[in-house]
Structures are given as structure tokens and as C-alpha cells.
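Note sheet for the following structure.
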Amino acid sequence: MRKGEFIISTLLAILVFLFVLGLQRDWRPSSLKDAASSAEQYVLGKAGARGAYPDIPGFERTDTFTLDRQYRAALYRSNSVSLGFAPGRLVIYNDKNQIAYQVDTLEGAREAWTALYDFAGRGGLPVRNSRPRPVYLRDLTGDRKPDLVVGLYSGGNRCCTTVNVVQVGKDSLKVIGHIDGLKGWPFEGLEIRRIGPDPIREFVVHRPQVTACGPREDSADVISVYSFSNGQYVDETREFSDFLQGVLRENLAKWSREKEPSLGLLQTLAAQYGVLGQSDRAKIFFAQNLARFLPQMKRQGFDGAACRDDLNSLVDRLANQQLQ
């Protein structure tokens, strides 16, 4: 047998062997590249290797996240979609594919509604076409343990997001914060910043409060501050009066600087006085400046007296919260 014929015979034997093996394993690759990919998926799926994400019956995997060397996350969406949304599940696995944390979610039929806060992004969201890789873990409490911030969207017209703060330990994960009522998508209205002198980073939450004065775009911006205390992130707004006074001063300067300040800014200023416990001052400031907005409110179908009563009720409620 010539050398060339021997080589051809050998190649044919190898191809036949691969074809038979493919039939046994139900391969149907359309190219050598697809064959290699199918083989890799088969091995990972069956052997449960480190790089594989477990499947959940009845769910499809829509996204994956690398947290660190030990933990990674996967977002799943149910195959049963109705009215444009479907049940979902966020699962964090350790390096042995054991579940370290999971939470039920609600996802859009075409896009994910759940988000992990990206500390390398802008406002917690990744920046498209940016070079830095997403950073999902950061020590927020100063205890040298990284933390993860999960945003869970409830659906509806710009409503509502819940934030879970998860402490990532060496052997386990623990929820150390639960902040709800954030209007809008993750992470609208959320700032993570250091306010005090210690290394703890606070969560500054902006919740728009619609009143009888006008539509949503003229809502009052009600601020809350969550800080880490006794192992949990809790609402400690009353402890940050200096910070809130600074925000109030900035908005007062904005009010005096603008030729035509908005009704939303007026309501925000009244609410901020209320949060600081200065309800009388809030009501006086609001009453003195409401008249310029009455023609606009009338055109939009809002009553001035109802507006004033509703805003005063909001101010009293905010002031009483700081006294409790």
C-alpha cells in the first residue's frame, strides 16, 4: 500500500469512528467547530465541572455573573411567560455548584429585570463598550468581607425595586439589608456613598412621593439614609441631620438661582424640611411659594386647596417618623 493511500485510509477510519461515536451520543454537529462546542457542553453538563451552571427544570438561564474565585451567579427565567413577564430566580453557587443564596424574581419576557450593582459602572449599571470588567463585590461595612447589592424589580408602571444587601463570607452568604419602595428600575434613586467619618458606606434612597399637587414628574423627592448598625442596614435617617441639612441648602440655592423653579423642587424642599423635623417651616415656605404654580395646576386639573392639605399631611408624616 502506498504512503498516500495509507494516510487516506487512516483519515477515513477516524471519520467513521467519530461518526459512530456521534450517533451514540446523539451529536448532530454541522461543522467541526460545532462538534467541538457540543463535545464541551456534553462533558461539562454530564460531569458537572467547575465551569458548568446547573439547569433548573422549567427555567431557562438568561444571564451569568462571575463574582470572585469562589462564587458565581446565574439568573433564570421560567419557560411559562404570561402578560409579558415570567417568574425568575437568581441563584449564587459556590465553587462546588452548591447553592449559597437564591431569591425568587420577576423577569420580563424579553429582558432581565433583576440586576447586580456594578461598582465599576455608572449608577450601579454597566457602561456599554467600556473596558473595565463589572465589579459586583465591595466591602461596604468595613469588616473586610465583600458585599453584593441585588436589585429586584416588581413590574408595573415604573414601580418598584427592592434592594437586598448580601454579605459574602468565606463559607456562607447572609442578607444584611432589605430596602424596598424604590420607584423605578434598579438602581434608580439609589446612591451608595460614604457620609460619616467611618469606613461604612451608606445607602441614600430617593423615593418620589406623588401628591395632589401634580403629576409624577412634579413629585417630592423624599430622602432616607440606611446605615450599617448591629449587623444590618437599617433606616437611620435621623442620625444624618448634617448631611440632610447640606442637601437642603443645595436645593435652596438651586431654588433662588433658577428663574422659573419647578413645582417638584418646591415640594421637595417642603419634604426635606419635614424630614429634618421642621414641619412648621416647611408649611410656611410651601404656602408662600405656591401661588405662582396655581395657574399651571388649574390647567392640569389639580386643586390648590387639596394640594396644600395633602402636602401638609406628607410633611407631618415625615416629621413624626423622625420622632419615633
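The values are calculated or read from the model by the stated rules, or taken from the named source; none is laboratory data. Because the structure is predicted, anything quoted here is derived from the model rather than measured. We place every Cβ from the backbone using ideal geometry, glycine too, and count neighbours over all the protein chains shown.
Listed by first and then second residue, the pairs linking a residue in region 241-267 that is closer than 21 Å to Gln322 by Cα to a residue that is among the polar types (S, T, N, Q) and assigned to a loop (DSSP other than H, G, I, E, B), with Cβ atoms under 8 Å apart and 6 or more places separating them unless they lie on different chains, are Gln267/Thr211; Gln267/Ser219. The residue list Gly169, Gly151 contains one member that is free of Cβ contacts under 8 Å to residues at least 40 places away in the same chain, closer than 20 Å to Arg72 by Cα and in contact with a Leu (Cβ under 9 Å, 6 or more places away or on another chain), which is Gly151.
Taking residues in region 96-108 that are closer than 18 Å to Leu148 by Cα and assigned by TED's automatic domain parsing to the domain that holds Arg61, and partners anywhere that are in a strand (DSSP E or B) and charged (D, E, K, R), the pairs with Cβ atoms closer than 9 Å and at least 6 places apart or on different chains are Tyr101/Lys174; Gln102/Arg89; Val103/Arg89; Asp104/Arg89; Thr105/Arg77; Thr105/Arg89.
Can you say whether Glu239 is touching a Ser or Thr at 6+ places or on another chain (Cβ under 8 Å), charged (D, E, K, R), outside the structural domain of Asn164 (by TED's automatic domain parsing) and assigned to a helix (DSSP H, G or I), as far as the supplied structure shows? Yes, satisfied. Scanning region 278-315 for residues that are part of a loop (DSSP other than H, G, I, E, B) and buried (at least 17 other Cβ atoms within 10 Å of the Cβ) yields a total of 3.
Considering only residues that are of a type in the set (Lys, Arg) and over 22 Å from Gln70 (Cα atoms), which ones fall in region 109-167? Walk me through it before giving the result.
Narrowing region 109-167 to residues of a type in the set (Lys, Arg): 110, 122, 128, 131, 133, 138, 144-145, 158.
Within region 109-167, Arg110, Arg122, Arg128, Arg131, Arg158 qualify.
Residues checked against (1) at pLDDT below 85; (2) surrounded by fewer than 17 Cβ atoms within 10 Å (Cβ to Cβ); (3) more than 26 Å from the chain's Cα centre (by Cα); (4) not charged (D, E, K, R):
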position	(1), (2), (3), (4)
Glu40	yes, yes, yes, no
Asp55	no, yes, no, no
Leu67	no, no, no, yes
Arg77	no, no, no, no
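Any residue at all in region 160-169 that's more than 29 Å from Asp95 (Cα to Cα) and surrounded by 14 or more Cβ atoms within 10 Å (Cβ to Cβ)? There is at least one residue in region 160-169 that is more than 29 Å from Asp95 (Cα to Cα) and surrounded by 14 or more Cβ atoms within 10 Å (Cβ to Cβ). Thr105 passes every criterion in (1) assigned to a loop (DSSP other than H, G, I, E, B); (2) in contact with a Gly (Cβ under 9 Å, 6 or more places away or on another chain); (3) of a type in the set (S, T, N, Q) apart from (1). Evaluating Ile99 against the criteria (1) crowded, with 20+ Cβ neighbours inside 10 Å; (2) more than 23 Å from Gly189 (Cα to Cα) leaves one unmet condition, (1).
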